[in-house]
Amino acid sequence: MFSFKRKFSAIEIELLNFLQNVRLFQDLSDTQKLSFATYLHIRSYKQNEVVFFRNDPSQALYLIKEGKLSLELDIKEHFESVIQLETFASFGHNSLLPKTKRIFNAFVISPLCQIYVLPQVNITDVFKRNPEIKAQVLENLSCIYNQNLYDLCKIYREKQGFFELNEMFMNVVWGT
């Protein structure tokens, strides 16, 4: 009996290895992961460059290939860092949901940051063509959100309601 297993190119293997480390995509098969490949666009950002602002329309999901950025809340004229993200982290998760706006501001804090951008319109297209992919990605998103809520409640109990926002995310690896 012959097994006809698809051979992947070097570029596809590199992308599959990357996506295997991104929590949203970990449980997808290689073929399912590659459903997103043609839609992933690499973008380079410099230090202090803005990826998006709070209240911007959520039109893309972001995956950090290399570098570091900060998700921040704006409070009056000041910005408070909630969490710093690095390689393999995904952010902009609300782009997986229709008609949402950004909750945080995203600023690059490393000298250079390479980020894969996955437009919402393409995510929707993949989800329409393959409901299994949609179900798995949204289940993984639910796990990320559940962990974030668990950590929020834990720190709230430990600090009796008095804590800094960044303490909530100290043990969370955002989207990886």
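Is one or more of the residues making up segment 112-133 more than 24 Å from Tyr39 (Cα to Cα), outside any strand (DSSP E or B), out of contact with any His (no Cβ under 7 Å at 6 or more places or on another chain) and modelled with pLDDT of 90 or more? Before the answer, list the steps.
Of segment 112-133, the ones more than 24 Å from Tyr39 (Cα to Cα) are none.
No.
Scanning segment 110-165 for residues that are under 14 Å from the mean Cα position of the chain (by Cα) and of a type in the set (Phe, Trp, Tyr), which turns out surrounded by the most Cβ atoms within 10 Å (Cβ to Cβ)? Among residues in segment 110-165 that are under 14 Å from the mean Cα position of the chain (by Cα) and of a type in the set (Phe, Trp, Tyr), the one surrounded by the most Cβ atoms within 10 Å (Cβ to Cβ) is Tyr116.
If you check Leu112 against the conditions, is it in contact (Cβ under 8 Å) with a residue 60 or more places away in the chain and under 24 Å from Leu73 (Cβ atoms)? The answer is no for Leu112. For beta carbons closer than 7 Å, sequence separation of 6+ or different chains, a first residue in segment 140-153 that is touching a residue at least 60 places away in the same chain (Cβ under 8 Å) and within 17 Å of Gln26 (Cα to Cα) and a second that is surrounded by 12 or more Cβ atoms within 10 Å (Cβ to Cβ) and of a type in the set (S, T, N, Q), the qualifying pairs are Asn140/Gln26. Inspect all residues belonging to segment 136-158 and state whether any of them is at pLDDT 95 or above, of a type in the set (D, E, K, R) and within 19 Å of Val22 (Cβ to Cβ). Yes: one or more hits.
The values are calculated or read from the model by the stated rules, or taken from the named source; none is laboratory data. Being a predicted model, the structure only gives us computed values, none of them experimental. For neighbour counting, all protein chains shown are included, and Cβ atoms are generated from backbone atoms with ideal geometry for every residue, glycine included.
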